[in-house]
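A short worksheet on the structure shown next.
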Amino acid sequence: MTAPIETTGAAADAQPEAVLEGAGKGRIEGRSLGQIAWSRFKKDRVAVAGGIVVVLLIVVAVLARPIQALFGLDPNAFHQDLIDPNTSLPTGGWGGMSLDHPLGLDPKFGRDIATRILEGSWVSLVVAFGATVLSNVIGAVMGVVAGYYGGRVDSVISRLMDTFLAFPLLLFAIAISATLQGGAFGLNGLPLHLSVLIFVIGFFNWPYLGRIVRGQTLALREREFVDASRGMGAKGPYILFRELMPNLVGPIIVYSTLLIPTNILFEASLSFLGVGIQPPQASWGGMLREAVTFYQVDPEYMIVPGLAIFVTVLAFNLLGDGLRDALDPRSR
C-alpha cells in the first residue's frame, strides 16, 4: 500500500483554477423577473423618454392646484384690458404671448392659456386613471373567472363581453352624460361630471382587458403550479387571486398604459362635443371646442391644447410599448 502524498508549502495552498478566477469578485446572484424587465426597459431610450414625460405630467397634474395657489394663478381670471374690443382677439402677436402669459390668452375672455392647460391636466388624468382602474378591476375579475372555470361560466361571461363590445360607446356616452348634466346621486357640478365620465368610460371598456386576461388564464390554468395548488386542497378563489392573478400583473400593466391615452382622448372628445366637463372648468377638450370659432384668426389657441393632448397620448403609448417589450420574455 502506498503512503498518502503530503503536500506542503505553496502546493498545499493552491486552489482550483475556477476558484482563483472568481476570487475577489462579488457573488453570482440570480435576478428576479422584475430586475430582468427593468434592465430590458432601461435599454429602450424611447420608452424611457416616454416614461420621464409621463412622470412629469403626473407630477404637474398632482401639483396643479398647489402651484396655482402658490403663484396666485386663476384659470378663470379675465384680462379684458388685453383683448381688442373690435375683434375679441388678444392684443399683440401670437395670441397675446408675453412674459406674463407665455402661452397667450384665449379670445373673447382673455384667460391665461398656460394656467388653463395646467388646470385641465389634472382633469384629464383623473378621468383617464379612474376609468382605467374601473375597467381593470371588472375586466381582470371577469376574465380570470371565465378562463379558469370555463364551461357555462365562460360562455355567459364571453357573451356578456360581446354584448358590451356591440354597444355604440360614443353615442351611449353622449346620451348618459347629457341626461345627467343637471344632477344625480346627490352630486352636481364638477364632481358629477367627473364621476359620470369615469363610470361611462370605465364600465363599457372592461371587455377588452377581460378578453386578454381570459386568454392568458386559459394557458395558465394548465400549468404545474396550478395543479399543485389543487392537489394541496386549494379552492377556486385562492387559486384565482393567489396563484393566477399575480402572473397576470404584467399584461394588465401593459394594457393599462395603452388604455390611459385612449381614455384621455375619449374624455377630450366628450368635452369637445359639449357633454363632458362643462365650462367654466378648464379641460383640454373644452378648450378645443372653444377654439373652433377662432382657429382661422387665432390658430395658437387651438395648437396649444392640441399639443398637450398629443404629447400626453404619445408619451403613454411609448411607455406602454416599452413595458410590453420589457415584460415579454420572447421579445429581443
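Per-residue answers, yes or no, for (1) among the aliphatic types (A, V, I, L, M); (2) open to solvent by 30 Å² or more (accessible area, probe 1.4 Å); (3) more than 21 Å from the chain's Cα centre (by Cα); (4) under 30 Å from Q35 (Cβ atoms):
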| residue | (1), (2), (3), (4) |
| --- | --- |
| R230 | no, yes, yes, no |
| I253 | yes, yes, no, yes |
| L258 | yes, yes, no, yes |
| V275 | yes, no, yes, no |
| Q278 | no, yes, yes, no |
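Note on the stretch 280-289: residues that are buried (at least 20 other Cβ atoms within 10 Å of the Cβ) and either among the aliphatic types (A, V, I, L, M) or not in a loop (DSSP other than H, G, I, E, B) (or both) total 6. Set side by side, the residues S135, S158 differ, and just one is assigned to a helix (DSSP H, G or I), out of contact with any Gly (no Cβ under 6 Å at 6 or more places or on another chain) and hydroxyl-bearing (S, T, Y), which is S158. Figure legend. Inter-residue proximity from the stretch 54-75: first residues among the acidic types (D, E), second residues open to solvent by less than 50 Å² (accessible area, probe 1.4 Å), beta-carbon distance below 8 Å, spacing 6+ or different chains. Indicated pairs: D74/Q68; D74/T115. Any chance the stretch 230-253 includes a residue that's more than 30 Å from K42 (Cα to Cα) and in contact with an Asp or Glu (Cβ under 7 Å, 6 or more places away or on another chain)? Within the stretch 230-253, none of the residues are more than 30 Å from K42 (Cα to Cα) and in contact with an Asp or Glu (Cβ under 7 Å, 6 or more places away or on another chain).
Being more than 30 Å from I264 (Cβ to Cβ), assigned to a loop (DSSP other than H, G, I, E, B) and free of Cβ contacts under 8 Å to residues at least 24 places away in the same chain is a condition met by at least one residue of the stretch 213-229. Only a single criterion out of (1) open to solvent by 30 Å² or more (accessible area, probe 1.4 Å); (2) at pLDDT below 90; (3) of a type outside the set (D, E, K, R) is not satisfied by S177, namely (1). Consider the stretch 85-109 and keep the residues that are of a type in the set (A, V, I, L, M, F, W, C) and touching a Leu at 6+ places or on another chain (Cβ under 8 Å). The one that is least open to solvent (accessible area, probe 1.4 Å) is L105. Within this structure, E222 fails the test of being acidic (D, E) and either open to solvent by less than 60 Å² (accessible area, probe 1.4 Å) or within 23 Å of P168 (Cα to Cα) (or both). Evaluate the stretch 128-135: report whether one residue or more is open to solvent by 10 Å² or more (accessible area, probe 1.4 Å) and without any contact (Cβ under 8 Å) to a residue 60 or more places away in the chain. No, because not a single residue in the stretch 128-135 is open to solvent by 10 Å² or more (accessible area, probe 1.4 Å) and without any contact (Cβ under 8 Å) to a residue 60 or more places away in the chain. Within the stretch 57-69, is there a residue that is over 23 Å from the mean Cα position of the chain (by Cα), open to solvent by 40 Å² or more (accessible area, probe 1.4 Å) and at positive phi? Scanning the stretch 57-69 turns up no residue that is over 23 Å from the mean Cα position of the chain (by Cα), open to solvent by 40 Å² or more (accessible area, probe 1.4 Å) and at positive phi. Taking the stretch 110-127 as the range and being surrounded by 22 or more Cβ atoms within 10 Å (Cβ to Cβ), closer than 21 Å to V297 by Cβ and either under 23 Å from the mean Cα position of the chain (by Cα) or polar (S, T, N, Q) (or both) as the test, only R116 passes.
Does V123 satisfy the criteria of being without any contact (Cβ under 8 Å) to a residue 12 or more places away in the chain and in a helix (DSSP H, G or I)? So V123 does not fit the description; no.
Selection of helices (runs of 4 or more DSSP H) fully inside the stretch 1-105 by the criterion of at least 1 residues being modelled with pLDDT under 60 returns 17-22.
Quick one: which of L170, L134 is modelled with pLDDT of 90 or more and either closer than 21 Å to Q216 by Cα or among the hydrophobic types (A, V, I, L, M, F, W, C) (or both)? Lay out the reasoning, then the answer.
Details: L170 fails: modelled with pLDDT of 90 or more.
After applying the criteria, what remains is L134.
On the basis of being open to solvent by less than 40 Å² (accessible area, probe 1.4 Å) and in a helix (DSSP H, G or I), does L248 make the cut? Spelling it out, L248 is indeed open to solvent by less than 40 Å² (accessible area, probe 1.4 Å) and in a helix (DSSP H, G or I).
The values are calculated or read from the model by the stated rules, or taken from the named source; none is laboratory data. All values reported here derive from a predicted model rather than from experimental measurement. Glycine also receives a Cβ, built like all others from the backbone with ideal geometry; neighbour counts cover every protein chain displayed. Note: areas computed on protein heavy atoms with side chains; ligands, DNA, RNA excluded. Shrake-Rupley method; radii C 1.70, N 1.55, O 1.52, S 1.80 Å.
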